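What follows is calculated from the coordinates using simple rules that are stated; it is not laboratory data. Not measured: the values here are computed from a predicted model. Here Cβ is always computed from backbone atoms with ideal geometry, including for glycine, and neighbour counts include all displayed protein chains.
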Amino acid sequence: MKFAKIFMILGLILGFIVLFSFFTFLLYIKPPKMHTPGNPSDYKLSYENISFKTKDGLTLRGWFIPSNHSNNTIIIGHGFPFDKSNILHITRFLNEKYNLLYYDFRYFGESDGKYTTLGYKEKDDMLEAVNYLKKRKDVDSIGILGFSLSAATALMIDSDDVKAIVSDSAYASLYKVSKSVYFFFPWITKYPFICMTSLYAKIFLGLNMFKVSPEEHVKTMKIPILFIHGDKDSQISVENSKILHKNAPKSELWIIKGVDHGMSYAKNPKKYEKRVMGFFDKHLG
């Protein structure tokens, strides 16, 4: 009877690990979508609705906002679980000098997709955004400004056509993200949940969570990168950008005091605009 109780308790623990990690996995690949109202016309910006295909046949939709001053173009990516409209108001300042391309990542906003892969397939999608721009006659040099998910995605692409990246609040690896997701489990007790989540990712997405790693990829990137991170980030620790900066050979690190996740612009808009615009001016020409 004593052993029966032990086995029952162990079974309950195992069942909890399996079910809780599966629920968490589903929550992250199919999160509630946060829709933000608005489009460039709200800011008196002319724009073109655009779309392009992914390698696996999805249609991603976005906006191309032309500039009157340059053919250099910046791809602007949104964070998780938002859409392109969410970052329009804090990035439109770049249109003073640059064309801007916004697009909704797969699953989010107006784009196709039944789930997000948190950067795994999104890195190939971003390359398709680059390829789309290369086909346009009104585009010269290309840069990328990414927030959170899109920042990490930009750090995993291979393209000689991208000349500079601004990475705001990126994660260093998907493994580190999974550890932070289960932060409320003490010490080694979180690892069974991480292992199960990794197993689900492999089974359902064909994704090796341990290989979705911007911190490894930036080691071979030769383009200039500006890392921006708040030192009070409660979602993706500032240590992520410190690691990325250490690994990236041509990078700068700007840590902003007292700032939570993705709130660097809100802390000091003018300083943010000057720093980001200056970085692109220096490297896009």
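Ranked by the mean number of other Cβ atoms within 10 Å of their residues, highest first, the peptides 269-278, 156-165, 78-87, 171-180 fall in the order 78-87, 171-180, 156-165, 269-278. Amide hydrogen proximity for S251: with H placed 1.01 Å from N in the peptide plane, the residues at 5 or more positions away or on another chain lying under 5 Å are I225.
Calculated on the Cα set of the chain, radius of gyration then Dmax: 20.1, 80 Å.
Using Cα centres only, tell me the gap between region 45-63 and region 239-285 in whole Å. That distance is 27 Å. Ranking of T59, T153, T197 by neighbouring Cβ atoms within 10 Å, starting from the fewest: T59, T197, T153.
Put simply, region 211-281 fits an ellipsoid with semi-axes of 21, 17, 8 Å; these come from the alpha carbon gyration tensor as the roots of five times its eigenvalues, largest first. Relative contact order of the chain, please, whole-number percent, based on alpha carbon pairs below 8 angstrom and at least 6 residues apart. Taking the mean separation of contacting Cα pairs over the length of the chain, I get 15 percent.
Ordered by the count of other Cβ atoms within 10 Å of each Cβ, fewest first, W63, W254, W187 give W187, W254, W63. In region 65-201, how does Rg compare with the Kirkwood Rh, expressed as the Rg/Rh ratio over alpha carbon atoms? Checking Rg against Rh, the ratio lands at 1.04. Collect residues whose amide H, placed 1.01 Å from N in the peptide plane, falls under 5 Å from the amide H of I256; neighbours closer than 5 in sequence don't count. Excluding prolines and chain starts, which carry no amide H, the hits are H229, G230, D231. Shape summary of region 10-119, radius of gyration then Dmax from alpha carbon positions: 18.0, 66 Å. For region 142-240, the average shadow cast by the Cα convex hull is 6.9 nm², which is a quarter of the hull's surface.
By its C-alpha gyration tensor, with a ≥ b ≥ c as the square roots of the eigenvalues, how is region 184-231 shaped: rounded for a/c under 1.5, else prolate for a/b larger than b/c, else oblate? In terms of gyration-tensor shape, oblate.
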